[in-house]
Amino acid sequence: MRFHRAAFIYNPVSGARTPDRKIHEIRGVLEVSAGEVRLAPTRGPHHSSELAREAVADGCDLVAVLGGDGTTNEVVQGLAGTARPALLVLPGGTANVMVREVGLPMDPVAAATLLPSLEEQAIQLGLVEFDEGGTRYFLLMFGAGIDAAIAARTLPPLKRRLGTAAFWIRGAQQALHRLPRLRIAQGGGLGGNRASSLVVVSKSRSYGGGLVCTPSANLLSGHFEVAYFAGTGRAQYCGYLLAAACEMTARWPGIQHTQATHLRLEPCDGEHVQFQVDGEVAGTLPARVSVSPLSVTVLLPPAYQLGAVPNGPEDPEACPYSV
């Protein structure tokens, strides 16, 4: 048997609210390859982090998490810097960006069935450092500006009722208001003196709602792909949304891309600009974003490991745009 002790962390109110029978079905599938599987339902915000730390202390060699990307992010806070337990991400949220990124099935039972064939890979985490103190790790992406404003206004009941369509509705409503303004203050070499309405710093090609903002990003790389959406006009915003929906951001006028290992982002003229990590609003700018020396062991399909690493220098010193 590959694993011997597992914690199955799940969010009872995430996404479409997975029924108890499905939870026990997933547990039964996990037990085939993981021996003892302890159910660990979350009770509220940040409880997933506590449950992940308990799994480490209890000597678990596997943590399976069923929920949205926000629940997975909380688990990552508790696992950061540990080689064990390995992390298995199952789809149970609205966007399920992590699951889509690595190519796992969108049915959690089918995804759990693949456990014996998945391979362990240490993934370096992203790190956000707040100016007022405190830190937050992320597995997938950091986004500041319009996307965080949309996420902040998309409430859980609407996401449960409409799924990813809820983000598109809020995005259209947000376009009627003045867009947030921010800039990269250090690192990346993007933007110049021109403000942006959105900056994405990512190790994930996939974004929420089926969008692709950073087409060359990869979880296994040692750097971020950074997408700088120059300008703050509503017409530009609509064009950028179309580009992300059609996977054309690499060629769209006004969207700049580079690679970086650390950046500092600031609001323009003291504005209130929010940012999100892995799809969850986490704070306001200014903030510093960097590749952390800490990692998490994640279970990935072999095809992702073999074929998805983009061409380009892995050594930040070898990249002409790295900082």
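The values are calculated or read from the model by the stated rules, or taken from the named source; none is laboratory data. Owing to the predicted nature of the structure, the values given are computational and were not obtained by experimental measurement. Here Cβ is always computed from backbone atoms with ideal geometry, including for glycine, and neighbour counts include all displayed protein chains.
Observations on the structure shown:
- Taking first residues from segment 274-299 that are free of Cβ contacts under 8 Å to residues at least 40 places away in the same chain and partners that are surrounded by fewer than 24 Cβ atoms within 10 Å (Cβ to Cβ), the Cβ contacts under 9 Å between residues at least 6 apart in sequence or on separate chains come to Thr284/Phe130; Thr284/Pro267; Thr284/His272; Thr284/Gln274.
- Candidate set: segment 130-174, residues that are at pLDDT below 60, touching a helix residue (DSSP H, G or I) at 6+ places or on another chain (Cβ under 7 Å) and assigned to a loop (DSSP other than H, G, I, E, B); chosen: the one farthest from Leu299 (Cα to Cα): Thr154
- Flag for Leu66 being touching a Gly at 6+ places or on another chain (Cβ under 6 Å), closer than 28 Å to Met141 by Cα and either in contact (Cβ under 8 Å) with a residue 40 or more places away in the chain or surrounded by 24 or more Cβ atoms within 10 Å (Cβ to Cβ) (or both): yes
- Of the residues Ala245, Ala282, Ala250, Ala227, the single one that is buried (at least 17 other Cβ atoms within 10 Å of the Cβ), within 21 Å of the chain's Cα centre (by Cα), aliphatic (A, V, I, L, M) and at pLDDT below 95 is Ala282.
- Helices (runs of 4 or more DSSP H) contained in segment 1-93 and holding at least 1 residues within 20 Å of Ser295 (Cα to Cα): 47-57, 69-79
- Filter result for Tyr228 (among the aromatic types (Phe, Trp, Tyr), farther than 16 Å from Gly187 by Cβ and touching a residue at least 40 places away in the same chain (Cβ under 8 Å)): no
- Within segment 187-210, the set of residues being in a loop (DSSP other than H, G, I, E, B) and surrounded by 23 or more Cβ atoms within 10 Å (Cβ to Cβ) comprises Gly188, Lys203, Ser204, Tyr207.
- Evaluated against (1) part of a strand (DSSP E or B); (2) under 27 Å from Pro91 (Cβ atoms), Leu241 falls short on exactly one condition, (1).
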